[in-house]
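J.: Sharing a structure, written as structure tokens. Questions coming.
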Amino acid sequence: MADLVSLGELLIDFTPCGKSENGSPLFERNPGGGPANMACAAAKLGADTAFLGKVGDDAFGRALRGILRDNGVNTDGLRMDKEHPTTLAFVHLNEAGDRSFSFYRHSGADTMLTPEELDRQAIEGARIFFFSSVLMAEGPSREASLAAAELARRAGATVAFDPNLRLSLWPDEGEAKEWILRAAPYADILKVSQEELAFLTGETEPER
């Protein structure tokens with residue numbers, strides 16, 4: 001039984017890292033993905049954690065698997081895809097330091113996770129099950145996400161859900177709202193920002 005089982009995207013973030021001698025922007029390769037970050041953070045605090053997801057069976061994917069293991073996260077439920085590449089994201093900062101993202105994700109390995117590939121034993125043994133909406137933006141991974149959440153609920157786990165709104169990943173806002181609202185009822189804990197609350201409810205005042 002794991003203290004926390006996290007399902008979601010595991011990807012490469014290329015983050016700004018100064019400029020070259022020619023003045024061109026430099027980017028540093030870093031591990032990314034909210035659910036993977038959650039698993040690593042909990043492991044560093046002493047929790048027994050596992051990560052479920054999919055990466056490409058490429059240099060990026062193998063590096064990400066190694067980073068999870070180095071951080072004490074169980075990767076038995078991480079699938080390696082020989083046909084689809086690991087998802088990449090380039091992070092951009094404006095003058096105020098606010099982030100924006102350019103994703104290279106169409107048919108990315110994380111979106112190809114199917115319900116049949118889920119580690120059911122890990123989910124059923126979890127004390128806390130965590131997932132986010134990013135896997136639901138496209139591909140069979142949206143069905144896998146809801147199937148995992150339902151399995152966790154039936155097994156008696158505490159379910160935590162992060163809407164993690166990234167509209168650039170979705171075909172349109174309506175589809176994003178529909179699928180996020182499908183997932184939210186599974187959650188005992190909703191990790192949500194004020195912006196996400198306004199998007200989902202139409203209310204701009206948190207109290208309401």
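The values are calculated or read from the model by the stated rules, or taken from the named source; none is laboratory data. Computed from a predicted model, the values in this text were never measured in an experiment. Here the Cβ is made from the backbone with ideal geometry for all residues, glycine too, and neighbour counts use every protein chain on show. When the accessible area is computed, the model is the full protein with side chains, heavy atoms only, and any ligands, DNA or RNA have been set aside. Shrake-Rupley method; radii C 1.70, N 1.55, O 1.52, S 1.80 Å.
J.: Hey, can you tell me all the residues within the stretch 181-203 that are basic (Lys, Arg) and exposed (fewer than 15 other Cβ atoms within 10 Å of the Cβ)? Lay out the reasoning, then the answer.
T.: Our first condition is that a residue be basic (Lys, Arg); within the stretch 181-203, this holds for 182, 191.
Result: no residue meets the conditions.
J.: A follow-up question, please. So Pro206 passes all but one of these: (1) open to solvent by 60 Å² or more (accessible area, probe 1.4 Å); (2) modelled with pLDDT of 95 or more. Which condition number does it fail?
T.: If we test Pro206 against (1) open to solvent by 60 Å² or more (accessible area, probe 1.4 Å); (2) modelled with pLDDT of 95 or more, just (2) comes out false.
J.: Identify the residue in the stretch 92-104 that is part of a strand (DSSP E or B) and farther than 19 Å from Gly8 by Cα and, among all such residues, is most open to solvent (accessible area, probe 1.4 Å).
T.: Let us first name the residues in the stretch 92-104 that are part of a strand (DSSP E or B), namely 92-93, 99-104.
Checking which are farther than 19 Å from Gly8 by Cα leaves us with 92-93, 99-100.
On the way: His92: 68, Leu93: 98, Arg99: 152, Ser100: 58 Å².
Across the stretch 92-104, the extreme among qualifying residues is Arg99.
J.: Taking the conditions exactly as written (within 25 Å of Lys191 (Cα to Cα), crowded, with 23+ Cβ neighbours inside 10 Å, touching a Phe, Trp or Tyr at 6+ places or on another chain (Cβ under 6 Å) and of a type in the set (Val, Ile, Thr)), does Val55 satisfy them or not? Write out each step before concluding.
T.: Working: within 25 Å of Lys191 (Cα to Cα): yes; crowded, with 23+ Cβ neighbours inside 10 Å: yes; touching a Phe, Trp or Tyr at 6+ places or on another chain (Cβ under 6 Å): no; of a type in the set (Val, Ile, Thr): yes.
Taking the combined requirement at face value, the residue does not satisfy it.
J.: Identify all residues within the stretch 95-137 that are without any contact (Cβ under 8 Å) to a residue 24 or more places away in the chain and closer than 26 Å to Leu151 by Cβ; write none if there are none.
T.: Residues satisfying the conditions are Glu116, Gln121.
J.: What strands (runs of 3 or more DSSP E), lying completely within the stretch 13-88, carry at least 2 residues that are of a type in the set (A, V, I, L, M)? Walk me through it before giving the result.
T.: Values: elements: 25-32, 49-56, 78-81.
Those strands (runs of 3 or more DSSP E) span 49-56, 78-81.
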